[in-house]
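Engineer: Once you've had a glance at the structure underneath, I'll fire off some questions.
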Amino acid sequence: MAGHELGEDVNAQNAMRLLSIVCALFFASSNSAFGQSVGFKEVKIRDGAEPPLTAGIWYPVVAGSNEILAGRHALVLMSHGGGGAYDGHSDTAIALARAGIVAAAVNHAGDTFDDQSKVRQLWRRPAQLHRLADYLLNDRQWHRKIDAARVGAFGFSNGGFTVLVAAGGVPQLSQIGPYCEAHPEHDLCAALAHAGVGAPNGSEVPPGAWVADRRIKAAVVAAPAFGFTFDRMGLSGVSAAIQLWRAESDRHQPDPFYEEAIREALPTPPEFHVVESAGHYDFLPPCGGQMARAVPAVCSSALNFDRRAFHEQFNREVVRFFQVAL
């Protein structure tokens, strides 16, 4: 979870949405001396009886055109944090596309900047990510350009939880109640109390709800929410290579209940990074001056932390990991 996601200020979320759209449009239409030109497309994806899902796709293009490069490219599915939007990590998506990887992110209906009506139904998220993968690997426009044997996933906060489930993890939501009884001051528990809703207890989870997608061979997991709900048995089915990130000064998801719990429970040790002096929101792209004044809780970093420099390093490490793992 990113902060008080169940009750986060709507104006702040809308401001971040506007920022991400501007960034996506600017960077996706630009060229770079350091990598491939990038194209961008927004698509609608069928979601059963529900309204179509909205997703964004960043992809390497022939210079001066919007035509995807020839060949079969690796695919990275992206899952945003609670109350976010598909383009919340556009800088990372663009870095992947400039490295020749197709990056695709979905709006998690029911847990976005403008609709958190189903935020407690965490099992919806991996199912939506699965639909995104189905679309790209089966659509006649995309499937010939994507190598189905090279599929990865990237997730931040609630998105980190999502990709762990998609990679084969099975959480125990019944652990949230006891956790909050022991740590009522922690942000997750304060957010539940502020929203006036009880902690998910696991009894409401439909049978077979946790959807694993065995096509996922590697995953980057940044500041994953609900880390304490995964134990060794719950993560025993994860065979994908994992790159795990923790912000050293993450007050929203305090150590050792999140990343450390996951690191200890994974069957194979992940590639693990602890970002010195970083806070939870430092995994989101840097804000401009006006945006920083509008949403300081999201945009502020520690005085000794350079978010822009960190994102340059972070994106390099994410790209490197997927290039090796896929």
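The values are calculated or read from the model by the stated rules, or taken from the named source; none is laboratory data. Because the structure is a prediction, the values reported are computed rather than measured. No Cβ is skipped: glycine too gets one built from the backbone with ideal geometry, and neighbour counts run over all protein chains shown.
Engineer: With respect to the numbered conditions (1) assigned to a helix (DSSP H, G or I); (2) of a type in the set (Val, Ile, Thr); (3) at pLDDT below 95, which one is the sole condition not fulfilled by residue 119?
Structural biologist: For residue 119, the exception is condition (1).
Engineer: Then there is this: Among the residues of segment 125-143, what is the count of those that are assigned to a helix (DSSP H, G or I) and at pLDDT below 95?
Structural biologist: Residues that pass the stated criteria total 1.
Per-residue answers, yes or no, for (1) of a type outside the set (A, V, I, L, M); (2) in contact (Cβ under 8 Å) with a residue 60 or more places away in the chain:
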residue	(1), (2)
161	yes, yes
164	no, yes
168	yes, yes
172	yes, yes
176	no, no
180	yes, no
205	no, yes
218	no, yes
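Engineer: Okay, moving on. Hey, could you check segment 242-260 for residues that are without any contact (Cβ under 8 Å) to a residue 40 or more places away in the chain and surrounded by fewer than 19 Cβ atoms within 10 Å (Cβ to Cβ) and say which is nearest to residue 312 (Cα to Cα)?
Structural biologist: Within segment 242-260, the match that is nearest to residue 312 (Cα to Cα) is 248.
Engineer: Something else about it: Return the only residue of 97, 93 being touching a Pro at 6+ places or on another chain (Cβ under 9 Å), at pLDDT 95 or above, surrounded by 24 or more Cβ atoms within 10 Å (Cβ to Cβ) and farther than 29 Å from residue 192 by Cβ.
Structural biologist: 97
Every residue, every condition in (1) within 17 Å of residue 245 (Cβ to Cβ); (2) basic (Lys, Arg); (3) surrounded by 15 or more Cβ atoms within 10 Å (Cβ to Cβ); (4) within 18 Å of the chain's Cα centre (by Cα), yes or no:
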residue	(1), (2), (3), (4)
281	yes, no, yes, yes
284	yes, no, yes, yes
303	no, no, no, no
321	yes, no, yes, yes
324	yes, no, no, no
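Engineer: Right, next: Is it the case that residue 79 is among the small types (Gly, Ala, Ser) and within 19 Å of residue 162 (Cβ to Cβ)?
Structural biologist: So residue 79 fits the description; yes.
Engineer: Take segment 204-247 and flag every residue that is among the charged types (D, E, K, R) and farther than 17 Å from residue 126 by Cβ.
Structural biologist: 231, 232, 246
Engineer: Shifting gears a bit: Please verify whether residue 226 is in contact with a Leu (Cβ under 8 Å, 6 or more places away or on another chain), touching a residue at least 60 places away in the same chain (Cβ under 8 Å), at positive phi and of a type in the set (A, V, I, L, M, F, W, C), treating the condition exactly as stated.
Structural biologist: So residue 226 passes the test.
Engineer: Right, here's the next one. Could you tell me whether any residue of segment 28-51 is of a type outside the set (Phe, Trp, Tyr), at pLDDT 95 or above and within 24 Å of residue 223 (Cβ to Cβ)?
Structural biologist: No, segment 28-51 contains no residue that is of a type outside the set (Phe, Trp, Tyr), at pLDDT 95 or above and within 24 Å of residue 223 (Cβ to Cβ).
Engineer: Quick one: is residue 148 crowded, with 24+ Cβ neighbours inside 10 Å and among the hydrophobic types (A, V, I, L, M, F, W, C)?
Structural biologist: no
Engineer: Only one of these is at pLDDT 95 or above, of a type outside the set (D, E, K, R) and surrounded by fewer than 21 Cβ atoms within 10 Å (Cβ to Cβ): 238, 274. Name it.
Structural biologist: So the residue among 238, 274 that is at pLDDT 95 or above, of a type outside the set (D, E, K, R) and surrounded by fewer than 21 Cβ atoms within 10 Å (Cβ to Cβ) is 274.
Engineer: Restricted to segment 151-189, and to residues that are in contact with a Ser or Thr (Cβ under 9 Å, 6 or more places away or on another chain), among the β-branched types (Val, Ile, Thr) and in a helix (DSSP H, G or I), which residue is surrounded by the fewest Cβ atoms within 10 Å (Cβ to Cβ)?
Structural biologist: My answer is 176.
Yes/no matrix, rows are residues, columns are (1) part of a loop (DSSP other than H, G, I, E, B); (2) of a type in the set (A, V, I, L, M); (3) more than 18 Å from residue 88 (Cβ to Cβ); (4) touching a Pro at 6+ places or on another chain (Cβ under 6 Å):
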residue: 219; (1), (2), (3), (4): no, yes, no, no
residue: 233; (1), (2), (3), (4): no, yes, yes, no
residue: 239; (1), (2), (3), (4): yes, no, yes, no
residue: 256; (1), (2), (3), (4): yes, no, yes, no
residue: 269; (1), (2), (3), (4): yes, no, yes, no
residue: 277; (1), (2), (3), (4): yes, no, yes, no
residue: 291; (1), (2), (3), (4): no, yes, no, no
residue: 304; (1), (2), (3), (4): yes, no, yes, no
residue: 309; (1), (2), (3), (4): no, yes, yes, no
